[in-house]
Structures are given as C-alpha cells and as structure tokens.
C-alpha cells in the first residue's frame with residue numbers, strides 16, 4: 001500500500017470570515033481578559049515562570065494576570081512554521097500554512113465492533129487496529145489516540161497507546177493522552193529512543209503533545225507540567241480550547257472566541273517564556289451547548305463558524321492550528337454525521353487550518369467507528385477536490401472539442417474527454433448504481449466502508465518496528481509502572 | 001508479420017485511435033489478409049481488453065466509446081472486401097434503435113447503440129423523433145432481432161406501447177424483441193406494456209440484449 005499522504009495544498013478557494021478590524025478587537029479583548037480577569041495556572045512550575053517574568057500571581061487562587069506586552073513579546077518567539085516528523089520521513093508533515101493534514105480523533109471510550117456491530121468498551125487492541133487501518137489510508141496524515149486503552153492501568157495507559165500506534169504505523173503521532181509528569185518524561189524518552197538521540201528528536205519531532213485547557217480561563221496542572229517537559233525536549237506542544245457557548249463561555253460567538261483565545265495564547269506565552277522558540281500550535285474545538293439541556297452537541301453551525309474563525313486567529317499569531325472538525329454528535333453514521341462532518345471540515349479547510357482532527361468518532365468523540373473513519377476520509381477527499389477550484393485556460397475551455405462535437409451529439413468520443421476524464425472525482429462510498437441494483441441489495445456506503453476496513457485489517461502489514469526499540473519501549477513503560 | 005499486425009490492430013482499439021484502426025485495415029487488405037481474421041484475431045481482441053478493463057473499473061466510458069468508434073472505422077474499411085469475398089461477420093444480432101416521435105433526447109439512446117455495436121451487434125441507429133411507422137418498417141427491412149425504443153418524457157413514453165402494438169399488427173410481435181429505456185422507464189412500465197427488456201444504463205442494456213438473444 002502507498003505511503004503517500006494526501007493533503008490540501010495550493011488552495012483556490014478562500015473565505016473572509018473575520019476582517020482585520022474584527023481580529024484586532026478579539027485580540028484586544030483577549031489581552032484585557034488575561035490582564036484584568038486572569039487565567040488559572042495550577043502548577044508551581046508554571047507560576048514560578050510567570051512570576052519570573054513580572055506577572056501578577058495569586059498563589060492561593062493560582063490565577064495569573066499579565067500585561068499584553070508580556071504576552072505579545074513572548075508570542076513573537078514562537079516559530080511560524082516547522083515539521084511534524086514521522087517514522088517514515090516521506091510522511092513528515094510541513095506545518096507551513098500551505099497544507100491541511102487530516103488526523104484521527106480522540107479520545108473515545110467505546111468502539112463499534114467491526115464484526116458484530118456491538119458498542120463495547122475500548123481496549124489496547126482497538127488502538128492498535130485503528131492505527132493499522134489509519135496507516136493504510138492516504139487521507140490520514142497523523143494519529144491521535146483514537147480510543148482509550150481501558151484494559152491498561154491509568155498511570156501508564158498513554159504510553160502503551162503510543163507504543164502500539166508506533167508498532168502499527170509509520171505516521172506522526174499527536175497524543176492528547178499524556179498529561180502527567182511521569183508519563184510526559186517517559187513519552188519523551190520513548191520518542192528519543194525512536195529518533196536515536198535527543199538532538200535527532202529535536203530536529204525531527206516524531207511526537208507532538210496536545211493538552212486541553214480547563215475552560216473557562218483555566219488550565220490543568222498535570223497538563224501544564226507535561227507540556228513544559230515536552231517543550232523542553234523540542235516536541236511541538238499545543239493547547240486546545242473547547243469553550244462552549246452558554247456553559248464554559250459566553251453565549252455569543254465572539255465572546256467564546258475571546259475566552260478560548262485567552263486560554264490558548266496564555267499557554268503559548270508560558271511555553272515561550274520557558275523555552276523561547278519552542279514549536280507551539282494553537283488547538284481548538286469550540287462549540288455551543290444545547291440551550292435546552294446544556295449538553296455538548298458535537299456539531300452545529302456555531303461549530304462550523306468556529307472552525308473557520310479559529311485559523312484566522314492562529315494566523316494572527318503566526319501559529320499553526322490543530323482544529324477539531326468531523327467528530328459528529330450523531331450516534332451512528334447517519335445523515336447528521338454526513339452533514340456535520342462535511343460542513344465542519346469544509347469550513348476548517350477553506351481557511352487552511354494546518355491540522356484537522358476528528359476522523360472516525362461518533363457521539364461527540366465517544367464512540368469509534370471504522371465505517372465512519374473511512375467515510376470521513378471520503379468527505380476529506382471531496383473537500384480536497386473542491387479546494388482545487390476551477391482551472392481556467394485554453395486546455396480547460398476545450399474550444400476544439402466544443403467545435404468538433406457541435407450542437408447535438410456528445411463529448412464521449414473526444415480525445416479531450418479522455419485526457420481529462422480522470423480529473424472527475426470518483427466516490428468510494430456514494431451510491432451511484434442503478435435503482436434495480438440497489439433494490440436487490442439494499443446496501444450502502446456504510447456496508448462498503450465496513451467491508452473495506454475488514455479487508456485492511458486482514459491484509460495491511462505496517463512496517464514493523466525494530467524489536468530492540470520495542471524492548472526499550474517496554475522497559476520505559478515498566479519503569480513508570482514500578483514507580484507508580 | 002500478420003501476428004504483429006493483429007497486435008497493432010488490437011492496440012488501435014485499446015487506444016481508441018479510429019484513424020490508425022482504419023489505416024491498419026487498409027494494410028491488411030493490401031497484404032491479402034482475410035478480413036475476418038483481421039477482425040477476430042486483431043480488432044476484437046482489443047475490444048475484449050477494453051471491455052474487461054471497463055468491467056473491473058479501470059477503463060471509463062470515453063475509452064469504451066472510442067474503442068467502439070475505432071472498431072466501426074476498421075469494419076467500414078473491411079466491409080467491401082468482406083462482400084467481395086462473399087463472407088460475413090458473425091454478429092450477436094441485429095438491433096434497430098431510436099428515440100420515439102416527439103422526443104429529441106439523444107445521448108442515452110446513442111450510448112446504448114454504441115455499446116451494442118462494440119459488443120458485436122449490428123446496430124441501426126435511426127436517431128431521434130422517429131415516427132413509429134419508420135421504425136417498424138426499418139425493423140422489417142433489416143430483419144431485426146431487437147427494437148430498442150427510448151423516451152425521456154412521461155408524455156412520449158406512451159409511444160413505446162404503440163411500437164409494440166405496431167409490431168404485433170405487422171405480425172412481427174413474436175419475432176422481434178422490444179427493449180425500452182429512458183429516465184422515466186421502470187421495470188413495472190416494461191411489464192405493463194409487454195416489452196421484453198429494460199435497463200437503467202447502457203452497459204446493462206447490452207447484457208439484456210445478449211440475454212434476449214440467448215447469448216447472455
């Protein structure tokens with residue numbers, strides 16, 4: 001199978017969702033929030049860094065207030081472009097503003113069993129299987145830890161997950177499941193073993209670390225410490241805000257953006273103050289709570305707008321963006337899943353978000369479905385095609401063919417048609433059969449995607465890891481388990 | 001020498017190059033090669049390759065149509081020689097095809113004709129807006145095995161029934177099979193008017209025609 005990665009690049013479509021003035025206003029509001037309201041940093045190490053740079057730190061509430069100048073100066077240190085490296089260097093991902101890469105999602109707790117369709121608790125074997133299928137898909141550029149290995153102990157779970165993903169794929173891993181000091185140190189050690197040395201890892205980071213913020217206007221202590229350890233080793237680090245209108249953010253979209261922005265850029269500033277020039281990425285998956293229940297929705301027009309707006313913010317700070325798309329709120333692969341995943345992905349892609357997350361998860365990132373993963377890849381494929389826009393030149397205007405066919409007749413026998421027929425997009429999971437054929441089988445894209453996933457699991461052999469590296473991984477994980 | 005020529009003939013079909021296919025047919029005649037051998041050992045091999053590639057999804061419609069056009073160009077060159085030698089190409093059957101009177105929709109019907117022709121039927125495509133009397137006269141004149149009637153409108157679709165009745169009136173009802181097609185046509189309509197075959201697309205139509213000829 002091909003190791004090629006399909007990314008959106010050289011886009012012909014664009015969207016002006018926020019003007020420069022509007023972005024300035026959001027930025028100003030964000031700085032006011034950080035300076036006057038403050039952001040909570042429940043980590044002694046983080047508070048010490050803030051204090052050393054002149055921030056106002058309240059050690060009881062652990063709230064930090066800092067001036068806009070400090071934030072702006074710190075953000076200038078962040079590199080605007082850098083690569084995410086992969087075991088196979090051909091699969092390195094340049095985060096340069098001209099690529100949109102798709103990743104899986106995390107971190108689900110259940111899996112729709114590929115054989116019997118039952119929904120069951122996720123295990124380590126599922127993490128391995130999902131990585132293997134994703135390894136074979138050209139649309140998937142990098143991994144998240146799609147589901148949690150709940151058959152392994154909490155203190156080393158995140159490390160077992162990393163190990164099996166690297167055993168089953170040569171692609172980059174961006175983990176959202178490492179958020180303690182012990183696990184972060186061990187994860188850095190594992191990545192170092194894989195890269196060969198600390199310097200090699202810094203040069204080509206095989207792992208990136210994503211932490212969630214704790215909205216509104218807070219962070220998690222373990223996440224902050226884990227991020228600082230990772231940044232020290234040169235691993236790209238990102239903070240994701242999932243501010244939700246009405247519950248963890250104001251009801252209004254602009255207010256939500258400002259609160260989430262305060263969380264992310266305050267974390268970015270902290271990392272830059274600690275390790276100037278450390279690769280950092282913006283991450284986000286803002287949403288709106290359902291006003292009837294307060295529930296997380298997993299999709300809706302607000303989410304789609306956030307998808308496009310956030311990359312404008314990330315661009316404002318010259319930071320790459322890892323954006324939540326896909327990850328429908330639908331319970332199974334149905335029309336809602338199709339609509340939500342198409343619109344969220346289109347909106348995040350049209351503004352060239354560097355990384356898209358979410359392929360394969362249902363029910364608001366709780367249930368993993370192989371069928372959904374493959375169909376999500378098809379959605380990405382459609383958006384990929386749309387982003388190429390319409391090419392207008394002598395060849396594409398086809399006047400010779402038009403003249404040869406004349407009024408009436410058809411273009412099927414034209415050499416021009418033969419030259420360009422393979423430019424026409426072809427589906428894997430759309431039903432374009434005759435009614436009769438459909439009527440006999442009554443099957444659809446879901447059935448074909450399920451069958452395809454089964455085939456991949458049976459046939460796809462990922463490039464194996466050196467057994468010596470596997471042994472080292474096991475040793476590192478064991479030492480964390482023994483200390484716990 | 002002739003083996004090499006046969007391979008080139010097959011390739012001209014695969015490439016959909018009608019001019020080259022015709023030139024190679026001239027060469028064959030000049031070299032005294034039996035035109036039936038040229039067709040069966042040369043061109044048909046190319047048609048089969050394209051057909052197989054199409055079935056497994058590797059080749060697309062334009063390639064199929066262009067192969068059909070190239071085949072037609074070669075046969076046109078070879079036909080006078082065939083007639084001179086008194087030999088005849090074995091065909092799967094003879095088909096008369098048309099869009100009914102009052103309806104000018106062309107593409108689906110033309111595609112069916114092209115596909116049938118490429119598959120080895122003798123096809124008389126009468127075009128669009130064809131009066132029923134002309135259609136059935138042609139069927140009698142060429143001793144057709146199948147009449148294919150296309151209609152895109154619900155208002156002209158009823159003419160498909162009239163064609164069947166006209167064939168019955170002429171005593172051809174038992175001899176000639178009728179296939180119907182077009183966007184509004186369904187299997188239940190086919191059954192209602194007593195037609196013999198129906199398909200939703202051109203590839204399916206070829207299979208139905210072969211089945212009707214007992215060669216499916």
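Taking one quarter of the surface of the convex hull spanned by the alpha-carbon atoms of the protein assembly as shown gives a direction-averaged projected area of 38.5 nm².
Across peptide B:62-75, the average count of Cβ atoms from other chains found within 10 Å of a residue's Cβ is 3. For chain B, the ratio of Cα radius of gyration to the globular rule of thumb 2.2 N^0.38 Å stands at 1.07.
Given R0 = 25 Å, the distance between the Cβ atoms of residue B:36 and residue B:141 translates into a calculated FRET efficiency of 0.50. Quick one: Debye curve from the alpha-carbon atoms of the range B:32-71 only, equal weights, vacuum; give me log10 I(q)/I(0) at q = 0.28 Å⁻¹ to two decimals. The computed values of log10 I(q)/I(0) come out as -0.88. Here the Kirkwood formula, the inverse mean of 1/r across different C-alpha pairs, assigns the range A:91-136 a hydrodynamic radius of 12.8 Å. Sorting A:264, B:77 from the fewest to the most surrounding beta carbons within 10 angstrom yields B:77, A:264. Using the average count of surrounding beta-carbon atoms within 10 Å as a protection proxy, the listed peptides A:451-459, B:92-100 rank, highest first, as B:92-100, A:451-459. The orientation-averaged shadow of the Cα convex hull for the range A:1-69, equal to a quarter of the hull surface, comes to 9.3 nm². With contacts taken as Cα pairs under 8 Å and at least 6 residues apart, chain A reaches a relative contact order of 18 percent.
Taking packing as the residue-averaged number of other Cβ atoms within 10 angstrom, the listed peptides A:130-137, A:84-91, A:188-195 run from highest to lowest as A:130-137, A:188-195, A:84-91. From the alpha carbon centroid of the range A:354-368 to that of the range B:143-216 is 50 Å.
Look at the stretch A:411-424: the mean tally of other chain Cβ atoms within 10 Å of its residues' Cβ atoms is 4. Return one number: the angle in degrees, 0 to 90 and rounded to the nearest 10, between the long axis of the Cα atoms of helix A:253-274 and the longest principal axis of the Cα atoms of chain A. Approximately 60 degrees, to the nearest ten. In Å³ and rounded to a whole number, note down the convex hull volume per residue for the Cα atoms of the range A:229-324. Dividing the Cα hull volume of the range A:229-324 by its residues yields 88 Å³. For residue A:22 and residue A:293, the difference between the fully extended length at 0.36 nm per residue and the C-alpha to C-alpha distance is 94.4 nm. Label positions at residue A:402 and residue A:339, each projected 7 Å from the Cα along the C-beta direction, are separated by 3.8 nm. Just how many % of Cα pairs in the range A:155-250 lie over 24 Å apart, if you round to the nearest whole percent? Distances greater than 24 Å cover 23 percent of the Cα pairs. In this rough spin-label picture, where each label sits 7 Å from Cα along the Cβ direction, the residue A:200-residue A:395 distance is 4.2 nm. In this simple spin-label approximation, residue A:13 and residue A:434 carry label points 7 Å from Cα along the Cα→Cβ vector, and these lie 3.4 nm apart.
Just need log10 I(q)/I(0) for the range A:329-413 at q = 0.17, 0.25 Å⁻¹, Debye formula, equal scatterers on the alpha-carbon atoms, no solvent, rounded to two decimals. With one equal scatterer per Cα and no solvent, log10 I(q)/I(0) is -0.72, -1.20. The alpha carbon gyration tensor of the range B:108-216 gives principal lengths a ≥ b ≥ c with a/c below 1.5, which makes the shape rounded. Here the range A:194-242 yields Rg over Rh of 1.07, to two decimals, using C-alpha coordinates and the Kirkwood radius. Evaluating kT/(6 pi eta Rh) at 37 °C and 0.692 mPa s, with the Kirkwood radius of the range A:68-190 over Cα pairs in the Stokes-Einstein relation, gives 207 µm² s⁻¹. The value for the range A:395-444 of Rg(Cα) / (2.2 N^0.38 Å) is 1.65. Remark: the range B:55-135 is approximated by an ellipsoid whose semi-axes, taken from the C-alpha gyration tensor as √(5λ), come to 24, 20, 10 Å, largest first. Between residue A:410 and residue A:98, the contour length at 0.36 nm per residue exceeds the Cα-Cα span by 108.4 nm. Normalised by residue number, the volume inside the convex hull of the Cα atoms of the range A:385-484 is 264 Å³ per residue. Normalising the Debye intensity of the range B:1-101 to I(0), with uniform scatterers on Cα atoms only, and taking log10 at q = 0.14, 0.18, 0.20, 0.21 Å⁻¹ returns -0.53, -0.82, -0.96, -1.03.
Since every read-out is calculated from the coordinates, none of them should be taken as a lab result. Model, not experiment: these values are computed from the prediction. Ideal geometry is used to build each Cβ from the backbone, glycine not excepted, and the neighbour counts take in all protein chains shown.
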